[in-house]
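Beneath this line is the structure, given in structure tokens, with notes to follow.
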Amino acid sequence: MSFASEVREELCQTLPERKCCRLAECYGILLYCNTFSKREIRIITENLPFARRLPRLFRRTFGLEFDQDPDLDQPGKHMFVIDSPDKLETIFRAYGQEHDSLAVHVNFGMVEKECCRQSFIRGAFLAGGSVTDPDKRYHLELVTSHRKVSAEARSLLQELGFEPKDAQRAGSSVLYLKQSDMIVDFLTMIGAPLQAMKIIQAKMEKSVRNRVNRRVNCETANLDKAVDAAQQQLTAIRSLREQGRIDGLPEKLREAAQLRENNPAATLSELAALADPPVSKPAMSHRLRSIIERSGQ
Ligand SMILES: [Zn+2]
């Protein structure tokens, strides 16, 4: 199941207790669903928990049934329709929207209380929201075909402490959040605290993984460097030997050359400890550099 479906499932476990919040949630659903016009309401969803809850929510809020109710045993998308004029009028009247007014917009009187605002946003998310799996990236969005509604929802979210960005996409208005902590707060606010925790968890795992990777990369790079250096030293020693110049080297350098040949994979510190008497790591490094210089490599 996708992360967005899990969020919807968590959101759909209960109905809002207060009538004001049920009305507000339905409002969010209607303004963010597929069609909300004077002639028809059409809500299409693939999410089963949402599809199961929708008729109950409308019955308890408006005391009415959908004119078209899908068979939820069928897989795929489920379509809910209301097209009888009296039901449409009941709903539009509940939101104080004149039956023949033109543009759909948010009646702020319906979302004055904080509980109702949260419910409104929950409805908007259920009908027109999505959120990306936090293992991939952080992105939550609300999409509606009503431009005015999107601008109004944006100021509602701002009043609730969010900073959504907006965009137009294929004739739709999009509000989106990209910061993980905002998405966590958003999901907690609308009633999905368990899924919000998953984002925090994913973020922590990602951060640990990054730290481990950085360390491994760093160690690998150091190892590569050490291997390259040892190769260069061995080439220099071989070349001095071929030129018959090894025996003419000062004793300390001869010893270093011998140690390196005998221990091609040893680290500088190991070679330094093998010297007789043992020397410091910088001293061994200096001797090996000197061998390379003398070889003319
Ligand atoms: Zn309320």
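The values are calculated or read from the model by the stated rules, or taken from the named source; none is laboratory data. These numbers come from a predicted model, not from an experiment. Counting neighbours? That spans all protein chains shown, and the Cβs are built from the backbone with ideal geometry, glycine included.
Observations, loosely collected:
- Meets criteria (farther than 14 Å from LEU30 by Cβ, hydrophobic (A, V, I, L, M, F, W, C), over 12 Å from the mean Cα position of the chain (by Cα) and within 16 Å of the ligand (Cβ to nearest atom)) for PHE120: no
- Residue within segment 53-66 that is more than 16 Å from the ligand (Cβ to nearest atom) and under 24 Å from ALA196 (Cα atoms) present: yes
- Residue list for segment 23-79, restricted to those being part of a strand (DSSP E or B) and surrounded by fewer than 19 Cβ atoms within 10 Å (Cβ to Cβ): THR35, ARG42, ILE44, GLN68, MET79
- Within segment 152-166, residues that are assigned by TED's automatic domain parsing to the domain that holds LYS178 and within 19 Å of HIS139 (Cα to Cα) sit with their Cβ atoms under 7 Å from residues that are in a loop (DSSP other than H, G, I, E, B) and at pLDDT 95 or above, at 6+ positions apart or across chains, in these pairs: ARG154/PRO164; LEU157/PRO164.
- Any hit, segment 40-52, residues being within 16 Å of the ligand (Cβ to nearest atom) and among the aliphatic types (A, V, I, L, M): no
- The set of residues from segment 203-240 being closer than 30 Å to LEU157 by Cα and either touching a Lys or Arg at 6+ places or on another chain (Cβ under 9 Å) or not aliphatic (A, V, I, L, M) (or both) comprises LYS203, GLU205, LYS206, SER207.
- So LYS148, is it within 22 Å of the chain's Cα centre (by Cα), at pLDDT below 95 and more than 16 Å from the ligand (Cβ to nearest atom): no
- Among (1) under 20 Å from GLU6 (Cα atoms); (2) at pLDDT below 95; (3) of a type in the set (A, V, I, L, M); (4) in a helix (DSSP H, G or I), the one test that ILE121 misses: (2)
- Selection of segment 177-202 for residues being surrounded by fewer than 17 Cβ atoms within 10 Å (Cβ to Cβ) and of a type outside the set (Asp, Glu) yields LYS178, GLN179, THR188, PRO193, LEU194, MET197, ILE200, GLN201.
- Qualifying residue in segment 5-19 (condition: acidic (Asp, Glu), part of a loop (DSSP other than H, G, I, E, B) and away from the ligand (no atom under 16 Å from the Cβ)): no
- Checking ILE91 against (1) over 19 Å from LEU142 (Cα atoms); (2) surrounded by 19 or more Cβ atoms within 10 Å (Cβ to Cβ); (3) within 16 Å of the ligand (Cβ to nearest atom); (4) among the β-branched types (Val, Ile, Thr), the condition it does not meet: (3)
- In segment 172-183, the count of residues that are without any contact (Cβ under 8 Å) to a residue 40 or more places away in the chain, hydrophobic (A, V, I, L, M, F, W, C) and touching an Asp or Glu at 6+ places or on another chain (Cβ under 6 Å) is one or more.
- Number of the exception - HIS78 against (1) within 16 Å of the ligand (Cβ to nearest atom); (2) closer than 26 Å to SER2 by Cβ; (3) not polar (S, T, N, Q): (1)
- Each residue in segment 240-282 was checked for being under 51 Å from the mean Cα position of the chain (by Cα) and more than 21 Å from VAL227 (Cβ to Cβ), and 1 of them qualify.
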